[in-house]
Amino acid sequence: MRSRIIFLVGPTGIGKSETAVALAKKIMGEIICCDSMQIYKGMDILTSKPPIPLRKKVPHHLIDFVPVSKEYDVSKYRRLALKKIKELIKKKKLPILVGGTGLYMSILVDGIFSFKTANKEIRKRLYKEAQSRGSIYLHNRLKRVDPEAAIKIHPNDTKRIVRALEVFEATGKPISYMQKRRKGLAQNYDVRIFCLNMELEKLYKRIDQRVEQMFARGLIGEAKNLLKSKLSRTARFAIGIRELKGYFDAEFDLERAKSLIKRNTRLYAKRQLTWFRKDKRIKWINLSGREKPNEIAERILSLA
């Protein structure tokens, strides 16, 4: 029998952390963070990390361990997450991956496509063609050699078009074919994916309330400390950094900064849901907003 792995995903602010702890306590599980921002140290309020008392109830892994000055990418995360998953399974613990970063989930479940061309001149030549003839010209070429990839790539997305053509010219095989050969957790484990969901109006209200709580907990002080550091390119993408910097630089007042954080968080939550809806393997847990974490955990177990 294949070992089971559970993913608990969903939009920001929906209550994944509390539900994950309730679930882990019921099934002897341990939690692995699947969030691209909660990995960073010093972003406790900004990224709404599970509070320390909650983390003490169940072991949490790959959270709060990367300095904000360090770049971090999906390949680094995948390597550490796979190692931790194997360690937990060996200890007879059930890994529960929790977060809202769809890309992190995808590269674990389906694997990652890595290709290094033996001839960098191919890429240079393709970029020169894109500059002289336009990305649509290259996209039309991609349609002929890899129509499946062309459907998924926008005609203006030069980077991905060049990448697809580069793979084809270097290997003689379409990138769509190569990507299907990826190997992830789904090939060797019994992977179950659950996504918490809620009516957008209710979710947006929760997000707005949480932003207010973040300010009450000291978000301004935390952001000031973060901005004293040299933030990595990836850390700078955390919602709240750019908005509060605008406030600190007197570009707008605090209410405007708060409003922007709320708006951008709502937009992010909507993008998260859009990403997860594309994955037909996901089982959806629709919430009213009144359920307790234990109740949600029981619903997940009934479907697992």
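Values quoted throughout were computed directly from the atomic coordinates according to the rules given, and no laboratory measurement underlies them. Only a predicted model underlies this, so the values are computations on that prediction, with no experimental measurement involved. For neighbour counting, all protein chains shown are included, and Cβ atoms are generated from backbone atoms with ideal geometry for every residue, glycine included.
Express the relative contact order of the chain as a whole percentage, based on alpha carbon pairs under 8 Å and six or more residues apart in sequence. Let's see the in-between values first.
Working: 419 pairs, mean separation 88.3, N = 304.
Reported relative contact order: 29 percent.
The order of Trp275, Trp284, going from fewest to most other C-beta atoms within 10 Å of their C-beta, is Trp284, Trp275. Semi-axis lengths, largest first, of the ellipsoid equivalent to the chain are 34, 27, 18 Å, with √(5λ) applied to each eigenvalue of the Cα gyration tensor. A helix-only calculation puts the chain at -17000 deg cm²/dmol for mean residue ellipticity at 222 nm, using -39500 (n - 2.57) for each DSSP H run of at least four residues, averaged over all residues. Measuring between alpha carbons in the structure, the pairs from Lys258/Lys292; Lys16/Lys90; Lys83/Lys124; Lys84/Lys124; Lys152/Lys292 lying more than 31 angstrom apart are Lys83/Lys124; Lys84/Lys124; Lys152/Lys292.
Multiply the residue gap between Lys120 and Glu71 by 0.36 nm, knock off their C-alpha separation, and tell me the result in nm, one decimal place. Working shown, then result.
Working: separation 49, 0.36 × 49 = 17.64 nm, distance 2.42 nm.
Length gained between Lys120 and Glu71: 15.2 nm.
Residues whose amide H lies under 5 Å from that of Asp190, counting only those 5 or more places away or on a different chain, are Ser3, Arg4, Ile5; hydrogens are built 1.01 Å from N in the peptide plane.
If Lys and Arg each add +1 and Asp and Glu each add -1, what is the summed charge of the other residues whose beta carbon sits under 14 Å from the beta carbon of Ser302? Can you show the working numbers first?
On the way: positive: Lys26, Arg192, Lys283, Arg299; negative: Glu291, Glu295, Glu298.
The answer is +1.
Within the shell of other residues whose beta carbon sits under 12 angstrom from the beta carbon of Gln38, the net charge comes to +1, with Lys and Arg scored +1 and Asp and Glu -1. For Lys41, nonlocal amide neighbours, meaning residues 5 or more places apart or on other chains whose placed amide H falls under 5 Å from its own, are Phe65, Val66, Val68.
Output the peptides 26-34, 168-176 sorted from most to least packed, where packing is the average of other Cβ atoms within 10 Å over each peptide's residues.
Working: 26-34: 20.9, 168-176: 16.3.
Averaged packing, sorted descending, gives the order 26-34, 168-176.
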